[in-house]
Each structure stands twice: as C-alpha cells, then as structure tokens.
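For reference, the structure is listed below as structure tokens.
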Amino acid sequence: MVVGLLGILKTGGAYLPLDPEYPAQRLAHMVQDSGIELLLTHRATRDCIAPRDGLTVLEAETLDLRFESEADPQVELRGDHLAYVIYTSGSTGKPKGAAVHHDALHSCMAWMQQTYRLTRSDTVLHKAPFGFDVSVWELFWPLTAGARLVVANPGDHRDPARLVALIQRHEVTTLNFVPSMLQAFLAHKGIETSTRLRYIICGGEAMPAETQKETLERLHGASLQNLYGPTETTIHVTHWTCRNDGQSLVLIGKPISQTQAYVLDAGLNLVPRGVAGELYLGGVSLARGYLNRPGLSAERFVADPFDAAGARLYRTGDLVRWNTEGQLEYLGRIDHQVKIRGFRIELGEIEAQLRAQPAVREAVVVTREGPAGASLIAYISVHAGQAVDSAGLRERLAQALPDYMVLRAVVTLADLPLNANGKVDRKALPEPEGLGRASAYEAPQGHVAGTLAAVWSEVLQVEQVGLNDNFFDLGGHSLLLIRAHRLLEDRLHLAVPLVHLFKYPTVGSLARWIEQGGAQAAPSSAAGDERALRQRAAMLQRRKPAERVN
C-alpha cells in the first residue's frame, strides 16, 4: 500500500483509498462517482470492486517490472494539483469525496515537522484505515522527515493488546489515537514503564477531561496533543498541548500555520470572546472542494467576507467559542452530523437509505447515550398496509452502509412527531424499549454461559443478559468487546481468540463453541495466522450485518 501511494503521487496522480471492509455497494458508488480510470489492487481484494468499462486493473502479483526504468519520472507538479480524495459521510444519502491538493498536504506535513521535529531515531506507527485522513499524516510525515514507519496489520487499530505489543516491539515514539481508543489503551497495565512514547496525537472526537488527566498522570514521558480538523481542511487545522489543569473541557487550541479560524454568527459576523458561534476555517489547508459536486462545494466552501482577493472559508458546522486566553473550545454540532468513536456520520445519509426502502414513509435517525456509549436509533413510519421487519431492514442497510453506521434499533411509529414548523420534533421521540432483545429472555445455563452473561452484563451495564442476546444488539462495539474479551479470559482461564467473539456474538453460540473445546488451544502468534483470522472476521461481519461491530 505504501509503495502504491508513493508511486501514484510520484507520477503525478491522485489517490483514492478504497477500504475492502466497506460494503460492495458503497465501494461501487465511490468508483463510479470519482471516475477513476486505474485500480491498483491484489488478488485478495480484487473481487471487492465490480468490473467497469474504462477501468484498468493492475494486480500487484502480476506486474511485470523487468523493463521499467528506475529513473525519476520528473513529473512537473504544482501546488494546486490534486493529491488525494477521501470520501466522507454525506447528508444527501451518498458519501462525498473531499479533494485535497498538494499545497494543503505539504503545509500540514511541514507544520507537523516544525512543531514536533521527528528525527531518524523516531518511530511512527501507522494503524488507521487508509480511508480516513489520519492515515495521511501517519504515512507521509515520517517518510518526509526521515523517521521510521511501522505499518500495523489490518484490524490492529481495533485491538489494544496488539497495539501495545507493536509499540513495545518496535519502540514506537509517535502515534495517533481516537480518545475512546486511548481509553482502551490505558486499560493495559505496565504501559508506563514499557513504552518510550514521545507524542500521543489525538483527534477525531472530543477528548474527555478524564482521559487527558489519566494519560498525563501515567505516561509522564509523552506529550499529549489534541488536534482538530475536518477532512475538508487537510487532516488538522488547530492544535492544543494538553495539560492537567483540572478543567472540565479539553481545548482544541489555536490554528496551525497558514490557517485562519473565525467564529461567526448566522450573518457571518464575528462574535466576541466567550460567545458561541460556528467555526469557519480558511487558508492553504482548505480542500479544492467536493469531487464532481459543485453545488455542495459552493454551499460549504463560501466566500471569505474578510478577504477582498476572493479567498474561501469552509463552514465546519461545529459550535465553538474563543476563551479568555484566545484558545478555541469545542461545544458540539449545529447540524445533524455526529461522531461516534471517531467516525464522522451524517445522520441524513442513513435517513436517505431508510426512505429508499419501499415500505418506509418517513425516517429520522438520532443518537441515544447509554451506559455502553452512544448508539444510532432509527424511528420510521410506514405506508398504509405495509409492515417492516426490523432485523431485515437493518440487514438491507448494512449492504449499503459501513459498519460504523449500523443501527442498534429501528422503532416503528404510526407517525413521527412534528413541531410547530412541520419538522420532525426529535425531542418528542419516545425512548426505545427493549433495546437489543430480539426474543423472549432465556436464562443462561451452566458455568460458561453464566460467566459470559455476567461479563456482558458488567461491560454493557445492562441488568439482564439472556442466552440468545447479541452483544452488539445490546449496544456493544469493538472497544467494549475488547474489554469483555479480557475479562472472559481471566474468569474462564482459557485462551479465547478475539476473532471468535466476533464470530459468535450471542451468549449461547459462544458458550457452545467454548464447551465443544474450541477455546482450549491458544491462538497462533504468527502474523500470517493472525491476518487470516482477521480477514475471516471481516468476512463474517459482512455476511451477518446484525452481528457486525462498529
């Protein structure tokens, strides 16, 4: 992958990452919408993309390089040439591609090096899926600075135990965490003395003050950096060096170099310090816009009212304010975009997919906070004489939406409540009942099933877990599954490969697998076996949407 990306950029092309874990329908849309002419892949993932006229496919295993020149192609690049396109969730029901140019990418990498100064003794861990813009700096910053790059196996970003082993083995000094994953990392004992981390760079979601406090108290040698930035503004555009100051809000700081930040009201007027407003960003870091979406680009990339030369500002949709020290405080969203465990989700995209179902008349999606974290809940009404099977509807949605957009529940109402303006009154939506329980409660029988149910009840903070209850339908996700995995191994005194918790998501199915002797052999530590297990897990998640993990 790394060689492929460098080759694309070196020859003057722009790259579009296509994550093989995405549903085929989503990948097909990205290929069609972007109009790519060349696909670089290999045999293991070739079938993820359907053939298309005009699409040339290069498989890594069959490339004949015997007659290729090793000379620099000397392609002349300008700063406004396209470097990469990354697709993000779209409120219209289809993902949209943010098109980032070389000047923006170079400016961000130069700022990171000027600020943090990697050396040849540093090691950076690349672990983010390359369909997310965090992966861009993980790859290119160490390579442009002469530092060492360690590439994690696919799926390692979900497994703190594997990450701890990688960090220790390769003496990683710099890495990125979504705050929720940082919390899972901190749950491992001994990380204070077994790592030589210099920089922990966080982003993707608001950082809890408790996470900041614990990180600084336990990892004294590491500097914790809170970086903020939408995909449309090239990875990150504001920065804050965390400190254990006892405040309840972790700041997102000040703009990086060549970047402007304005807090404006609805009339594009500057608001005073301490007053909340929408964050607008300007400068070299702005993307060129959305690929092949001029209307949407014009809506989000607006004329800069403070620049007579015709510069643009990006409307983030984020609610912020300047504090008395001239630092930005993040307060939330002003629209229906949410972030769950670092994944950016436009609720309108899920709603559009729901309304596309023949029986559905109205649909709205909201987040509900619970003991296990935030979950996505859909409320629908159906056409007269129609009925909807909730499980079947979720399964159909899973064929078009990535794992992190999976719905925890679908609630059917006669009509959606409306406010005085005729819009859906989200505050009037009823609390869903019986979340996650697809059938009548059946008590677990035996030591293994009883232990599983007790662990799930503890981790998910639900009062009662039955034999047929599904971990993910009860509100579980990958980080909670990792915590459950650790408790299970401690209490059952068995080696249970993590992949089998994905494969057997109900108490009964996992208990039967364990009782039949499946957990007696420890998982192989060989990289090839581990990779095969992860690929198997991904395949099973795609086959069984109701069992998939965010």
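The values are calculated or read from the model by the stated rules, or taken from the named source; none is laboratory data. Remember, predicted model here, so these are calculated numbers, not experimental data. Virtual Cβ from ideal backbone geometry, glycine too; neighbours counted across all protein chains shown. Areas reflect the complete protein model, heavy atoms only, side chains present, ligands, DNA and RNA absent. Shrake-Rupley method; radii C 1.70, N 1.55, O 1.52, S 1.80 Å.
General remarks:
- Note: relative contact order over the range 195-236, using C-alpha pairs below 8 Å and six or more positions apart, is 47 percent.
- The charge dipole of the range 164-215, taken about its Cα centre with unit charges on the Cβ of Lys, Arg, Asp and Glu (plus for the first two, minus for the last two), comes to roughly 180 debye.
- Distances between placed amide hydrogens fall under 5 Å for ALA311 paired with ASP304, all partners being 5 or more residues away or on another chain.
- Simple label model, 7 Å out from Cα along Cβ direction - GLN399 to GLU369, nm: 3.7
- Antiparallel bridge percentage (DSSP; both residues within the range 1-126; nearest 5): 55
- Positive-end residue, the chain charge dipole about Cα centroid, Cβ charges, pick of LEU5, ASN269, VAL302: LEU5
- Contour minus Cα-Cα distance for HIS106 and ALA266 (0.36 nm per residue): 54.3 nm
- Dipole magnitude for the chain: about 340 debye, using +1 per Lys or Arg Cβ and -1 per Asp or Glu Cβ, origin at the Cα centre.
- When the solvent-accessible area of the range 61-145 is split by element, carbon and sulfur atoms take up 50 percent of it, the probe being 1.4 Å.
- With the highest mean first, a sort of the peptides 504-511, 475-482 on other beta-carbon atoms found within 10 angstrom per residue produces 475-482, 504-511.
- Legend: P(r) of the range 289-386 from all alpha carbon pair distances, 10 Å bins from 0, whole percents, reading 12, 28, 32, 20, 7, 1, 0.
- Positive-end residue of GLY517, VAL75, GLN168, charge dipole of the chain with Cβ unit charges: GLY517
- Considering helices alone, the calculated mean residue ellipticity of the chain at 222 nm is -9000 deg cm²/dmol, with DSSP H runs of length four and up weighted by -39500 (n - 2.57) and normalised per residue.
- Accessible-area composition of the range 274-417, carbon plus sulfur, in percent [1.4 Å probe]: 50
- Each peptide in 306-313, 379-386 was scored by the mean count of other Cβ atoms within 10 Å over its residues; highest first, the order is 379-386, 306-313.
- Geometric descriptor of the range 17-126, per residue, is 199 Å³ (volume of the convex hull of the Cα atoms).
- Short-range pairs are left out: with C-alpha atoms under 8 Å and at least six residues apart, the relative contact order of the chain is 11 percent.
- The chain: DSSP helices with Cα axial extent of at least 18 Å and average Kyte-Doolittle hydropathy no lower than 0.5: 447-460
- Globularity index of the range 452-512 is 0.97 (Cα radius of gyration / 2.2 N^0.38 Å, N = number of residues).
- Estimated translational D of the range 1-64 in µm²/s (Stokes, Kirkwood radius over Cα pairs; 4 °C; 1.567 mPa s): 104
- Taking packing as the residue-averaged number of other Cβ atoms within 10 angstrom, the listed peptides 22-30, 133-141, 111-119, 75-83 run from highest to lowest as 133-141, 22-30, 111-119, 75-83.
- Computed over the range 70-214, the convex hull of the alpha-carbon atoms projects to a mean area of 11.4 nm².
- Normalised per residue, the accessible area of the chain is 46 Å², obtained with a 1.4 Å probe and no contribution from ligands, DNA or RNA.
- Ratio of the Cα radius of gyration of the range 359-409 to 2.2 N^0.38 Å, where N counts its residues: 1.22
- Share of carbon and sulfur in the accessible heavy-atom surface of the range 461-507 [1.4 Å probe, %]: 46
- Label-to-label distance, GLU37 versus ARG120, with points set 7 angstrom from Cα along the beta-carbon direction: 4.1 nm.
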